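The structure under discussion appears below in the form of structure tokens.
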Amino acid sequence: MKMRRFLWCACMVGALTFTVACGSDSSSNDPLPETPDKPDTPNDPDSPENPDQPSADVTFSEAEQKQKLDAAARELLGYISASDFYNVRDVAKYARAHYLGKNYSTINVKEWAEECLDAITSLKSEVQSDNTYYQDYERLWMAANFTGEFSAGETGWIYTPNDNHLQFKFKDQNGQVCIARLTTSGSVYTVHHQSFDNQRVEYNYSSWTRTVSRFRNVVGVPQNINITITQGGTEIVSAQVKTSVSTGAEVNFTTDSYSVELTTKVAGYEFQIEKASYQSGKSAAVNFNLKKGGTQLVSAKVSAEGTVNNEPHVERIGQANVSVDVLGKVQVKGECSNVSQFMNHIKVADKHSEADFKARVEQANTLLNAAVYYDGNSARSATLKVMAFEDEYGYGNSEWKAEPVIVFSDGTSYNTFGKFFSKDNFRVVYNTVMDLLGDFKEMVEEFK
């Protein structure tokens, strides 16, 4: 129930700035609470605007904002259909059944893979201790070491050497020629971390000895990666990846820097990561866009600064920023000046003390500046924050909890996410999302 609610709400607002706690039951008909007193928050001239200074030019009631969100959600969902992916699914399903099945020989592929693996493996040392033999190997995993061309013959895969790419050529269910190809170019960054390594233990019971083979796996990350699948000469899937890696002999998350750019096209959809970056355990950011047929559906920017150790473990998250745009009609912008402090205020609040819990929640809200905008307007129409609610459970017991809420710009009401984004408020959107999820689930099930 909670997962479904999250999925369909995400389609409507794009993203939630921060999730503090589970929302109320979506079917609740409880009356809305009175408008709370607003905390004294200093004006912030930077974007997003101060939550307590909404512009009268974009004042919308709860009902009006529901209509705007409902319209944007319906339009967004109108662009998405599981049937768009049926052709790609059918090609993959046919290829798996006919070219990877028991009645089709893959011996040439297996032998090629074993030869490639042998070529990248080198023995570094071998020692014996009591009844155990220790063998230390190193492997350099690079795309350039796994190249060649395979074409689907009558009874099995046929191999042809090629040093430039890895390619599989076959016919689909309609007899059209399909080609799947992987190519790389540019510099190669060698990366190693202890988590990459593995070992294999083999026992010889006749001699009561064992052999422990330890593998140090070094990965060669190419600067450019290009993956394409064509059908009858038409490209149906593509992915272009551009990487940049700054590291030493060993990965060190406190000093290394990484960045990735990705553009994936499939079935008329384009998913683009303009840049995902990680800087020396101090900051991270990602910008992405989702388009269909040239129409921008969703765009988002997320960034945060903090501290990461070499485990890696996030020790602290400081300032974080989120910006989401849906079809240019709904924007969610948020900034938290200190995420760790924000979460700590909620965590340490005494759930059995109304005064303490509300005080902690208000302290958390002083760190949060998030709002909803419409049609690209620079002035906000609703503010996102957290509020304290009493949760009663069996035998007259109760405790306080924090929930995200929406404070509308008309200043007359607020609502919890769980109640505002209920299936009763957005019945058509809810049913459409559930149908869409069912279609995708059915598509995946058919592929199995």
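FYI, it's all coordinate maths here, none of it is from the lab. Quantities reported herein were computed from a predicted structural model and do not represent experimental measurements. Ideal geometry is used to build each Cβ from the backbone, glycine not excepted, and the neighbour counts take in all protein chains shown.
Points to keep in mind about this one:
- Theoretical FRET efficiency, 1/(1+(r/R0)^6), r = Cβ-Cβ of residue 145 and residue 267, R0 22 Å, to 0.05: 0.10
- Which of 309, 98, 155, positive extreme of dipole for the chain (C-beta unit charges): 155
- In the range 94-213, the alpha-carbon atoms span a convex hull of 161 Å³ per residue.
- Label-point separation, residue 390 to residue 378 (7 Å along Cα→Cβ), nm: 4.5 nm
- Extension gain, residue 190 back to residue 100 (0.36 nm per residue minus Cα-Cα distance, nm): 29.2 nm
- Above-threshold pairs, the threshold being 30 Å between Cα atoms, out of 124/282; 66/301; 102/441; 265/423: 124/282; 265/423
- Between residue 343 and residue 434, residue separation times 0.36 nm minus the direct Cα-Cα distance comes to 29.6 nm.
- Rounded FRET efficiency, nearest 0.05, which uses the C-beta distance separating residue 75 from residue 238 and R0 of 41 Å: 0.95
- Among 280, 195, 413, the largest mean-square fluctuation in a Gaussian network model of the chain, built with springs joining Cα atoms closer than 10 Å, belongs to 195.
- Residue 246 versus residue 356: modelled label distance in nm, points set 7 Å from Cα along the beta carbon direction: 4.6 nm
- With R₀ set to 22 Å, the beta-carbon distance separating residue 159 from residue 123 gives a calculated FRET efficiency near 0.25.
- In Hz, Karplus ³J(HN,Hα) per residue of the range 66-81 (6.51, -1.76, 1.60; θ = phi - 60°; x = Gly, Pro): 4, 4, 5, 5, 5, 5, 5, 5, 4, 5, 4, 5, x, 7, 10, 8
- Once the mean of 1/r is taken over each pair of separate Cα atoms and inverted, the chain shows a Kirkwood hydrodynamic radius of 26.3 Å.
- Derived scalar couplings between HN and Hα for the range 173-187 equal 5, 9, x, 7, 6, 10, 10, 9, 9, 10, 10, 9, 7, x, 5 Hz in order, rounded to whole Hz, by the Karplus curve 6.51 cos²θ - 1.76 cosθ + 1.60 (θ = phi - 60°), x for Gly and Pro.
- Total charge dipole magnitude, the range 299-391, about the Cα centre, Cβ charges on Lys, Arg, Asp, Glu only, Debye to nearest 20: 280 debye
- Translational D in µm²/s for the range 207-310 (Stokes-Einstein at 10 °C, 1.306 mPa s, Kirkwood Rh from C-alpha pairs): 95 µm²/s
- Reference-scaled alpha-carbon Rg (2.2 N^0.38 Å with N residues) for the range 355-414: 1.40
- With distances taken between every two different alpha-carbon atoms, the range 217-260 has a Kirkwood hydrodynamic radius of 12.8 Å.
- Highest mean packing first, where packing is the average number of other Cβ atoms within 10 Å per residue, the peptides 382-388, 356-362 line up as 382-388, 356-362.
- Around the Cα centre of the chain, unit charges on the Cβ atoms of Lys, Arg, Asp and Glu (plus for the first two, minus for the last two) sum to a dipole of about 1080 debye.
- Taking amide H positions as modeled 1.01 Å from N, with prolines and chain starts lacking one, the residues under 5 Å from residue 216 and 5 or more places away or on another chain are 137, 138, 139.
- Backbone HN-Hα couplings from phi across the range 307-315 [Karplus 6.51/-1.76/1.60, Hz, Gly and Pro as x]: 9, 10, 8, 8, 5, x, 9, 6, 8
- Ellipticity estimate at 222 nm from DSSP helix runs (n ≥ 4, -39,500 (n - 2.57)) divided over the chain, nearest 500: -7500 deg cm²/dmol
- For the range 290-421, the extents of the C-alpha atoms along the principal axes are 57, 47, 26 Å, listed from largest to smallest.
- Farthest toward the positive end of the dipole of the range 206-283, out of 255, 277, 215, is the Cα of 215, where the dipole comes from beta carbon charges about the Cα centre.
- Each of 319, 289, 337 was scored by the projection of its Cα onto the charge dipole of the range 240-338, and the greatest displacement toward the positive side belongs to 289; charges sit on the C-beta of Lys, Arg, Asp and Glu.
- Listed by chain and number, the lysines whose C-alpha is less than 16 Å from the C-alpha of residue 351, apart from same-chain residues fewer than 8 away, are 401.
- Protection proxy ranking for 369-375, 254-260, using the average of other Cβ atoms within 10 Å per residue and placing the highest first: 369-375, 254-260.
- Under-5 Å amide H pairs with residue 350, H placed in peptide plane, nonlocal only: 357
- Residues whose amide H lies under 5 Å from that of residue 385, counting only those 5 or more places away or on a different chain, are 405, 407; hydrogens are built 1.01 Å from N in the peptide plane.
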